[in-house]
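*Asks:* Let me give you the structure first, and then I'll get to my questions.
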Amino acid sequence: MPPRKDDSPSVATYADHEVITPSHPLRRAVGRAIPGEDDPIARAEAALSQLSSEFTNWMEAECERLEAARKDIKRLGFSQKTGDTLFRAAHDIKGEVATFGYPEVAGVAESLCRLLEHTPDFKKVPVTLVDQHVDAIRAIIREHARPDVRNIAAALTRKLRDVTDDFLKQENKHRPDYLESIFAPPLAPGA
């Protein structure tokens, strides 16, 4: 199909539906790398490769921040502030683990985020369940070099997700519509 000259979306009409295809002006703005010339993607990959030696230190620093948030909850109790701090630490870990080379941690961090995000009252979150999540995150990172770390992480993630789901069902039983949204199956990639 030859490239279109205008920026208006194209519309294909069929008997029972229409397909609207938006223009893609970004394609004009992004250039292609010319062999022998400066390639921004190659530069970014090289920079990331140079930084990768620091990923373990950064991941350990994120674990320390998560641990500090847990200690604050044990010392001060759950409040909006301590719960938000713990949530942000878990959420940051969830977002960084793939880049830092620890993708096995994502499921446990996501489970902790769900626990904190969907519990109506922070004060009802069992500290032991928080402990189990934080300990699992730290253990997966610590034992990352083990050949069976994926299996261990998957088992921990499944168990913590099941316990978290049971707790969320109990805590949200008076909100059936909300419960339905919490437990709706995730959308398939690209959906």
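The values are calculated or read from the model by the stated rules, or taken from the named source; none is laboratory data. Quantities reported herein were computed from a predicted structural model and do not represent experimental measurements. Please note: Cβ atoms are built from the backbone with ideal geometry, for glycine as well, and neighbour counts cover all protein chains shown. Areas reflect the complete protein model, heavy atoms only, side chains present, ligands, DNA and RNA absent. Shrake-Rupley method; radii C 1.70, N 1.55, O 1.52, S 1.80 Å.
One line per residue, one yes/no per condition, for (1) open to solvent by less than 80 Å² (accessible area, probe 1.4 Å); (2) among the aliphatic types (A, V, I, L, M); (3) within 30 Å of C113 (Cα to Cα); (4) at pLDDT below 75:
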site	(1), (2), (3), (4)
H24	no, no, no, yes
G31	yes, no, no, yes
R43	no, no, no, no
F55	yes, no, yes, no
A68	yes, yes, yes, no
I73	yes, yes, yes, no
T82	yes, no, yes, no
A89	yes, yes, yes, no
I93	yes, yes, yes, no
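*Asks:* So F78 clears everything in (1) under 28 Å from S49 (Cα atoms); (2) assigned to a loop (DSSP other than H, G, I, E, B); (3) in contact with a helix residue (DSSP H, G or I) (Cβ under 9 Å, 6 or more places away or on another chain) except one condition, right? Which one?
*Replies:* Unmet condition: (1).
*Asks:* Still on this structure: Kindly list, by first and then second residue, each pair from a residue in region 53-72 that is free of Cβ contacts under 8 Å to residues at least 60 places away in the same chain to a residue that is small (G, A, S) and surrounded by fewer than 17 Cβ atoms within 10 Å (Cβ to Cβ), limited to pairs with Cβ atoms under 6 Å and residues at least 6 apart or on different chains.
*Replies:* Sorted first by the residue in region 53-72, then by its partner, the pairs are F55/G101.
*Asks:* Is it the case that region 155-175 has a residue that's touching a Phe, Trp or Tyr at 6+ places or on another chain (Cβ under 6 Å) and among the charged types (D, E, K, R)?
*Replies:* Scanning region 155-175, I find no residue that is touching a Phe, Trp or Tyr at 6+ places or on another chain (Cβ under 6 Å) and among the charged types (D, E, K, R), so the answer is no.
*Asks:* A further question follows. Within region 173-191, restricting attention to residues that are open to solvent by less than 100 Å² (accessible area, probe 1.4 Å) and within 19 Å of D162 (Cα to Cα), which residue is modelled with the lowest pLDDT?
*Replies:* Result: A184.
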